[in-house]
1. From the list 106, 72, 76, 91, which residue is in contact with a helix residue (DSSP H, G or I) (Cβ under 6 Å, 6 or more places away or on another chain) and either of a type outside the set (S, T, N, Q) or part of a loop (DSSP other than H, G, I, E, B) (or both)?
2. Does residue 234 satisfy being out of contact with any helix residue (DSSP H, G or I) (no Cβ under 8 Å at 6 or more places or on another chain) and either modelled with pLDDT of 90 or more or charged (D, E, K, R) (or both)?
3. Where the second residue is not in a strand (DSSP E or B) and the first is among the aliphatic types (A, V, I, L, M) and lies in the stretch 420-439, which pairs have Cβ atoms under 6 Å and are six or more apart or on separate chains?
4. Name the single residue, out of those in the stretch 51-80 being surrounded by fewer than 15 Cβ atoms within 10 Å (Cβ to Cβ) and touching a Lys or Arg at 6+ places or on another chain (Cβ under 7 Å), that is nearest to residue 106 (Cα to Cα).
5. Go over the candidates 370, 315 one by one and state the one that is modelled with pLDDT of 90 or more, within 26 Å of residue 425 (Cβ to Cβ) and of a type outside the set (Gly, Ala, Ser).
6. Just checking, which of 391, 429 is under 22 Å from residue 216 (Cβ atoms), at pLDDT 80 or above, not aromatic (Phe, Trp, Tyr) and not assigned by TED's automatic domain parsing to the domain that holds residue 259?
7. Within the bounds of the stretch 185-207, is there any residue that is of a type in the set (D, E, K, R), more than 25 Å from residue 282 (Cα to Cα) and modelled with pLDDT under 85?
8. In contact with a Ser or Thr (Cβ under 6 Å, 6 or more places away or on another chain) and at pLDDT 85 or above - does that describe any residue in the stretch 259-268?
Amino acid sequence: MTENYEISTNEKERVLLVGAEARSARPLLSLEDSLAELALLADTAGMEVVGTTTQRLQQIDPNTFIGSGKVEEISEMLDTMNVHVVIFDDELSPRHQRQLEKEFGENVKVLDRSALILDIFAQHAHTREGSLQVELAQYEYRMPRLTRQWTHLARQAGGGAVRGGSGGVGLRGPGETQLEVDKREIGRKISKLKLDLDKVRQQRSQHRQQRVRAGIPVIALVGYTNAGKSTLLRALTGDDIYVADQLFATLDPLARRVDLDSGRHVVFSDTVGFIQKLPTTLIAAFRATLEEVLEADLLLHIVDSSHPNVLQHIETVEDTLAEIDVPPIQRILVWNKIDRLTDQTLPPRTSGERYAAEAMISAQQGEGIEHLLQLIETTLGKSLRKVRLLLPYQRGDLVSWLFETANVEHQEHTDQGVLMTVSLPPSLLERFQEYLQTE
């Protein structure tokens with residue numbers, strides 16, 4: 001059966017984890033480290049890991065992913081340990097999933113890393129936007145995995161009928177199979193969710209335009225899951241923001257305004273944490289949230305400096321940012337959790353080419369926060385462009401606004417208006433285009 005993709009959280013399910021690696025593969029994490037991360041994901045989902053097994057192959061088996069011999073071995077382990085859930089550390093193709101379910105029997109639930117992450121996201125998304133994004137990702141994941149045994153939607157709609165968008169019931173056409181009905185229904189739901197998320201994207205765009213007009217820089221926090229982004233946001237703002245030492249503890253986007261020591265206003269925007277092998281359906285579904293990153297003035301890349309795979313985590317985040325086509329925005333690499341370090345375990349230094357600056361902090365202890373804020377001020381200042389503006393006297397509102405939000409270096413009253421030398425971020429240059437003066 002392939003209908004049970006949601007994971008029950010009423011009681012802890014006993015699970016067996018399976019990792020497989022082709023000899024030609026070049027993963028960022030070792031097979032063992034990746035399985036350890038999968039175990040943390042299973043724990044976050046409320047499951048109990050009772051065993052793990054690995055398989056190194058010449059190439060991935062086209063039928064069962066792991067080969068018939070390993071399938072038999074796992075079947076014996078399931079019987080011995082009384083386990084009915086198997087989780088694979090990679091995304092299984094629909095063909096692999098169907099064959100493994102057939103091999104293990106209908107009493108065994110076969111999941112992959114993507115299904116597990118989707119379930120965690122479903123548990124932790126609380127806002128309407130987050131719920132929409134997760135629901136879209138789940139349906140896009142399910143669509144190619146539908147089989148004739150998958151009748152979940154039909155049962156929800158009351159047997160052989162499909163409930164329409166207005167609450168009415170539509171009957172199947174002549175000769176239409178349940179599989180075709182289910183696919184059509186999921187397709188309809190996907191289209192509706194995309195329309196709803198487009199509205200969210202438009203609202204976010206309007207909010208960003210308001211911030212640009214107000215001259216407020218946006219600083220996006222990015223990083224591997226559990227690196228401490230939410231803890232840092234709480235330290236920066238003083239707000240009671242939920243944090244937990246757990247993968248994907250917070251998913252819903254947060255934006256908070258902060259006043260820097262210079263009096264400048266900035267907005268810190270938290271984003272969803274990244275992880276290796278993040279499902280592509282999730283990246284696509286969360287694009288509305290990730291657009292905050294695309295149009296940020298500065299990125300803070302938060303890393304857990306105490307994690308043994310910190311360099312691989314950094315590379316995973318940078319690869320994901322490249323995948324969503326993030327432009328060359330200035331970045332500060334923030335080594336978090338230094339309170340967990342000893343002199344012998346200081347993090348290795350990275351190449352300075354990618355980052356404008358680096359900071360060592362403990363967001364939980366508040367250590368290094370002031371220095372980080374100074375780096376933010378300095379880095380934002382580097383992106384400013386010094387220009388000369390001639391503003392007519394009837395635009396006193398713009399003169400006042402510049403004194404409140406920009407760095408005004410010189411002001412002179414002339415016959416034509418107020419001549420000002422100011423430093424502006426690139427995002428505001430277009431607004432003042434008609435007032436620009438050439439040397």
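The values are calculated or read from the model by the stated rules, or taken from the named source; none is laboratory data. Keep in mind the model is a prediction, meaning the values are calculated, not measured. Using ideal geometry, Cβ is built from the backbone for each residue, glycine included, and neighbour counts are taken over all protein chains shown.
1. Sole residue among the options that is in contact with a helix residue (DSSP H, G or I) (Cβ under 6 Å, 6 or more places away or on another chain) and either of a type outside the set (S, T, N, Q) or part of a loop (DSSP other than H, G, I, E, B) (or both): 91.
2. Considered against the rule, which asks whether it is out of contact with any helix residue (DSSP H, G or I) (no Cβ under 8 Å at 6 or more places or on another chain) and either modelled with pLDDT of 90 or more or charged (D, E, K, R) (or both), residue 234 comes out as yes.
3. Within 6 Å, the pairs are 422/402; 422/406; 424/406; 428/215.
4. 56
5. On the way: 315 fails: within 26 Å of residue 425 (Cβ to Cβ).
Residue meeting the stated conditions: 370.
6. None of the others qualify; the one that does is 391.
7. Let us first name the residues in the stretch 185-207 that are of a type in the set (D, E, K, R), namely 185, 188-189, 192, 194, 196, 198-199, 201, 204.
So of that shortlist, the ones also more than 25 Å from residue 282 (Cα to Cα) come out as none.
No, there is no match, as no residue in the stretch 185-207 is of a type in the set (D, E, K, R), more than 25 Å from residue 282 (Cα to Cα) and modelled with pLDDT under 85.
8. No, the stretch 259-268 contains no residue that is in contact with a Ser or Thr (Cβ under 6 Å, 6 or more places away or on another chain) and at pLDDT 85 or above.
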